[in-house]
Amino acid sequence: VWRFTATNNRGNRASCTTRAFSRGDEAVRVELVWNVDRSCRTCNPKGGGIDLDLHLSDLARSNGRWASNAPSDSDCFFANCRCNRDIGMLCPDGVLQWPPDGAPNNPQLDIDHVGDLPGPENINVVRAAPGTRFAVGVHYYGGAEPTPAVVRVYCGGVLVFESERVTLSGASGSVDGNPLWRVGEINVGGDGRACSFARCGRAGALTECIRGENAW
């Protein structure tokens, strides 16, 4: 909501208010934010303290694995899926080229947030091949404090899932052993635009959904 007020040299004032809406049109958009309660004592506006990473994997090839454990770049994350263009600009064809050949379901991580907590980190698929299945994950890459994280999933610009605050914790220098939360699965519909989301576990019962990254 925007409010504009003008004042003339006689002190007369007039105001108007308008409401603006924005909506993404990507087939799939996944968003991660963390430190949402600003409880991190070692964090600061320039970063530091906690680093969480967002993952989107192609389930047809990833076999439920993540990062370097997933075969053939089947998991999009900071190490292989950044456009390296100006912040906010989408790559014309994505970064990873995911099969089937010619299908426009190539993902892109907008930016790897390390120096400007608490995110967001976003992974987008501008268009998606019908029937594609994606898995969404969040990895506690490094830090020294627990932090609450929230994940949102959008299909065609419509919010289809928003998690509760899930607290993750790990240790600095223990990347592979730090926990990775398997948030759930995206199923793309026959038109390549609509999709549905099935979460892993349920609120307050995520024991089977969080384990060390190298334990998946």
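Applying a threshold of 8 Å to beta carbon distances and a minimum spacing of six or more residues, or different chains, the list of pairs starting in segment 199-216 at a residue that is touching a residue at least 60 places away in the same chain (Cβ under 8 Å) and ending at one that is charged (D, E, K, R) and buried (at least 17 other Cβ atoms within 10 Å of the Cβ) reads Trp216/Arg65; Trp216/Arg182. For Asn122, the criteria (1) under 22 Å from Gly64 (Cα atoms); (2) at pLDDT below 80; (3) crowded, with 19+ Cβ neighbours inside 10 Å hold in every case but one, which is (2).
Of the residues Arg10, Arg29, Arg41, which single one is in a loop (DSSP other than H, G, I, E, B), touching a residue at least 60 places away in the same chain (Cβ under 8 Å) and open to solvent by 30 Å² or more (accessible area, probe 1.4 Å)? Result of the check over Arg10, Arg29, Arg41: Arg41.
Per the conditions (1) hydroxyl-bearing (Ser, Thr, Tyr); (2) open to solvent by 50 Å² or more (accessible area, probe 1.4 Å); (3) in a strand (DSSP E or B), the sole criterion not satisfied by Ser22 is (3).
Of the set (1) assigned to a loop (DSSP other than H, G, I, E, B); (2) at positive phi; (3) modelled with pLDDT of 80 or more, all apply to Gly48 but (3).
Looking at Val183, is it in contact with a Lys or Arg (Cβ under 7 Å, 6 or more places away or on another chain), open to solvent by less than 10 Å² (accessible area, probe 1.4 Å) and either within 30 Å of Arg41 (Cα to Cα) or in a helix (DSSP H, G or I) (or both)? Working first, answer last.
Working: in contact with a Lys or Arg (Cβ under 7 Å, 6 or more places away or on another chain): yes; open to solvent by less than 10 Å² (accessible area, probe 1.4 Å): yes; either within 30 Å of Arg41 (Cα to Cα) or in a helix (DSSP H, G or I) (or both): yes.
Yes, satisfied.
Return the residues of segment 190-203 that are closer than 17 Å to Pro107 by Cα, part of a loop (DSSP other than H, G, I, E, B) and open to solvent by less than 50 Å² (accessible area, probe 1.4 Å); say none if nothing qualifies. Gly192 - this is the single residue of segment 190-203 that is closer than 17 Å to Pro107 by Cα, part of a loop (DSSP other than H, G, I, E, B) and open to solvent by less than 50 Å² (accessible area, probe 1.4 Å). All but one of (1) touching a strand residue (DSSP E or B) at 6+ places or on another chain (Cβ under 8 Å); (2) of a type in the set (Gly, Ala, Ser); (3) buried (at least 16 other Cβ atoms within 10 Å of the Cβ) hold for Gly177; which doesn't? If we test Gly177 against (1) touching a strand residue (DSSP E or B) at 6+ places or on another chain (Cβ under 8 Å); (2) of a type in the set (Gly, Ala, Ser); (3) buried (at least 16 other Cβ atoms within 10 Å of the Cβ), just (3) comes out false. Scanning segment 89-119 for residues that are at pLDDT below 85 and not in a loop (DSSP other than H, G, I, E, B) gives Pro92, Gly94.
The values are calculated or read from the model by the stated rules, or taken from the named source; none is laboratory data. Every value quoted in this text rests on a predicted model; they were computed, and no experiment measured them. Heads up, the Cβs are rebuilt from the backbone with ideal geometry, glycines too, and the neighbour counts pull from every protein chain shown. Side chains are part of the model used for accessible areas, which takes the heavy atoms of the whole protein and leaves out ligands, DNA and RNA. Shrake-Rupley method; radii C 1.70, N 1.55, O 1.52, S 1.80 Å.
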